[in-house]
Amino acid sequence: MKTINYYWSIFAFVALLFTSCSTEETAVDTSPDAKNSAELTFGATLDNLANRAMNKGHFGQVPTCSDAEPDSAMVTFSYPGSGVDIVVEVGISKDSNGYFTEYSELLKIPVAQGSDFTKVTLKGFKVYDSNNNLIWVAPVAPGDFSGYINKPLPFDIDVYKGTKPYINVEVLCFDRRDVNEYGYPFFDLMPGKIYPLCFFANLCVGQRHFVGDYSVDLYYNDGTGRIQLYTSGDANAMPNTGFANGEYFAKPLCLVVPDKPEGFQDSQDYLFYVITPKDWTGSYGDVDNTPLAEVGLSWDDVNGLLNNDGTSNEYIHVFIGCGDNPGGGDDCDDNGGDADGDGICDNDDDCVNGQGDGCEPGGGDDCLLDSDSDGVANCNDVCPDEAGTVANNGCPETNGGDDNCETAFMYGNDADLEFRDFHTGNGKARWGWIAQGEGTYTIYAGAGNNYNKDMPVGTAVVTSDADNVYVTIDWAAGYEFTELHIDIFASMPSYDDVKAPGQYSYNESNNSGEKTYTYTNPTGNDNFFIVVHAKSCSLAQ
């Protein structure tokens, strides 16, 4: 066995009391400022413990060490009342006695009135060189490398006010090839920005498409070798699946991935994934569980999935066993075609006139559902939350002589955010869209999220300044709006926020017309989100 030298740093965590510290080692600060607080600092010694580590027998090799000098430490901890984990960067210096951390006001821990001490939980300890390269890490349990040391993180420290004992924190050298073994999520150990990467799978059995269950192995090539970021079979590498309202569903599986490594071209593959199909009792049953062929992804691929906001994204749509044409397969040519392009051949499709994957977001035929019992199936119901009539596309007939009126929504921008996109239920999602920021948007009536099926009934021009959002309404020829409902949000709203239009923040029920409306700008810039609903009436007799 080849012996690989590595170093094990022993950091002294300065607080009031630790069982390994004697009373003589505890310094007492009697200044007024120290009476109800303790200052946390760190000292460090560096020992060559390679032989000791190899004798533990946990692994065939140990992490490869860098020769760089430590420059700073990133410490993660919490204490009662902190509310969240606190992350502090502190500098590291060196004298004749070894390494030690520099003073930082950010490491002053309050001790509650009436108490002599507080309990600090140390959760993370990472050391960087002067080029911000991670060189040492305190392993976290559970984690493969936690077996190298006597006391892995996290652990508690009783911190007494006015005293400063040393507490040892054991660290290992960091090797990028073994990123997961340290017990941290990989993105905690790999410097740089991370991005979402999402998957959704259709699985074909015979001529029918089903939402698929699967697992993902995902690898990252940093230029020196592969790092496995996600492992097939782990809970965080499988989609959330279930059964609700008579339908099986699978939510998109969203992972996080790093940017391309330094020196890689945008078109050069640096991520590699393997999809493994899983059985699904009650849905499509047992299938071939052989992993699919490995697929590589470049930065161009990852970036191409990102929406304009730079954080949300489209998913990679994987088709398992669906033949050469995943949009329904070649068999659809002999099985009635696939008129709505939902991947379900028309002869087997209960929702031929719907849209998307069998009308239901994420898959499934919900044309068999009629949530408001008005005789119009959900996927064709313009008003799925209120009982209406077949003649009025599922919307209630009014008693005021305005049977030529329909509900209308402003169509969104490039993100094309539909209410149903973030609806967590099944089959009862309201229709409509959200737009982000300024723009000229078209308003469609009775579209039911299929804006290609209806004529536009007007436009909304949205502009803003630091104080206000301005919405200018214009009707299309032959239409007028008798009601206008507008809601504006500082951040992306939830499905519950886009409630019934009559409950929007701004209701112009008795004063709607072709003019400009002024509302308060919640962001002070053009990063707001806006929903515009109208009651559109045809002027044709």
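The values are calculated or read from the model by the stated rules, or taken from the named source; none is laboratory data. Note that this is a predicted model, so its numbers are computed, not measured. With ideal geometry, Cβ positions are generated from the backbone for all residues, glycine too; neighbour counts draw on all protein chains shown. Just so you know, the surface numbers come from the protein's heavy atoms only, side chains and all, with ligands and any DNA or RNA stripped out. Shrake-Rupley method; radii C 1.70, N 1.55, O 1.52, S 1.80 Å.
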Distance in nm between label sites at D474 and S505, each 7 Å beyond Cα in the beta-carbon direction? 2.6
Once amide H atoms are placed 1.01 Å from N in the peptide plane, what residues at a sequence separation of 5 or more from V111, or on another chain, have their amide H within under 5 Å of its amide H? S37, A38
Which of the peptides 193-202, 212-221 is most tightly packed, and how do the rest follow, judged by the mean count of other Cβ atoms within 10 Å per residue? 212-221, 193-202
Modelled label-to-label distance, D467 and S494, 7 Å Cα→beta-carbon offset: nm? 3.4
Which cross-chain or sequence-distant (5 or more) residues have an amide H under 5 Å from the amide H of C198, H modelled 1.01 Å from N in plane? L255, I316
Measure of compaction for segment 178-263 (Cα Rg per 2.2 N^0.38 Å): 1.33
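Mind ordering 289-298, 472-481 by average Cβ neighbours within 10 Å, highest first? Show your work: numbers first, answer last.
Details: 289-298: 12.7, 472-481: 16.4.
So the peptides 289-298, 472-481, ranked by packing, come out 472-481, 289-298.
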Mind listing the phi-derived Karplus ³J(HN,Hα) values for segment 221-237, rounded to whole Hz, using 6.51, -1.76 and 1.60 with θ = phi - 60°, and x for any glycine or proline? 9, 8, x, 10, x, 9, 10, 7, 7, 9, 10, 4, x, 6, 4, 7, 10
May I ask for the Rg/Rh ratio of segment 121-262, computed from Cα atoms with Rh as the Kirkwood radius, given to two decimals? 1.11
Rg in Å to one decimal, and Dmax rounded to a whole Å, for segment 455-541 via C-alpha atoms: 13.4, 45
If the limit is 27 Å between Cα atoms, which of K108/K260; K94/K119; K126/K260; K515/K535 go over it? K108/K260; K94/K119
Taking the Cα-to-Cβ direction at N131 and at F264 and moving 7 Å from each Cα, how far apart do the two end points lie in nm? 1.9
The answer for S72, listing residues at least 5 apart or on another chain whose modeled amide H is closer than 5 Å to its amide H, is I92, Y128
Calculated FRET value between T482 and N307, using beta carbons and R₀ = 51 Å, to 0.05: 0.90
Using a Förster radius of 22 Å, what is the FRET efficiency between S82 and F155 based on their Cβ-Cβ separation? Nearest 0.05, please. 0.85
Give the peptides 495-505, 71-81 in descending order of average Cβ contacts within 10 Å, highest first. 71-81, 495-505
Determine ³J(HN,Hα), in whole Hz, for all residues of segment 114-130 in sequence, where each value follows from phi through the Karplus function 6.51 cos²θ - 1.76 cosθ + 1.60 and θ = phi - 60°; x replaces Gly and Pro. x, 10, 8, 8, 9, 9, 9, 9, 7, 10, x, 8, 10, 10, 10, 8, 5
Considering only protein heavy atoms, with the full assembly of protein chains and a 1.4 angstrom probe, order H317, H485 by accessible area, largest first. H317, H485
Starting at the first residue of segment 463-479, write each ³J(HN,Hα) from the Karplus equation 6.51 cos²θ - 1.76 cosθ + 1.60 with θ = phi - 60°, in whole Hz, x for Gly and Pro. 10, 7, 9, 5, 9, 9, 10, 10, 10, 9, 9, 10, 8, 6, 4, x, 10
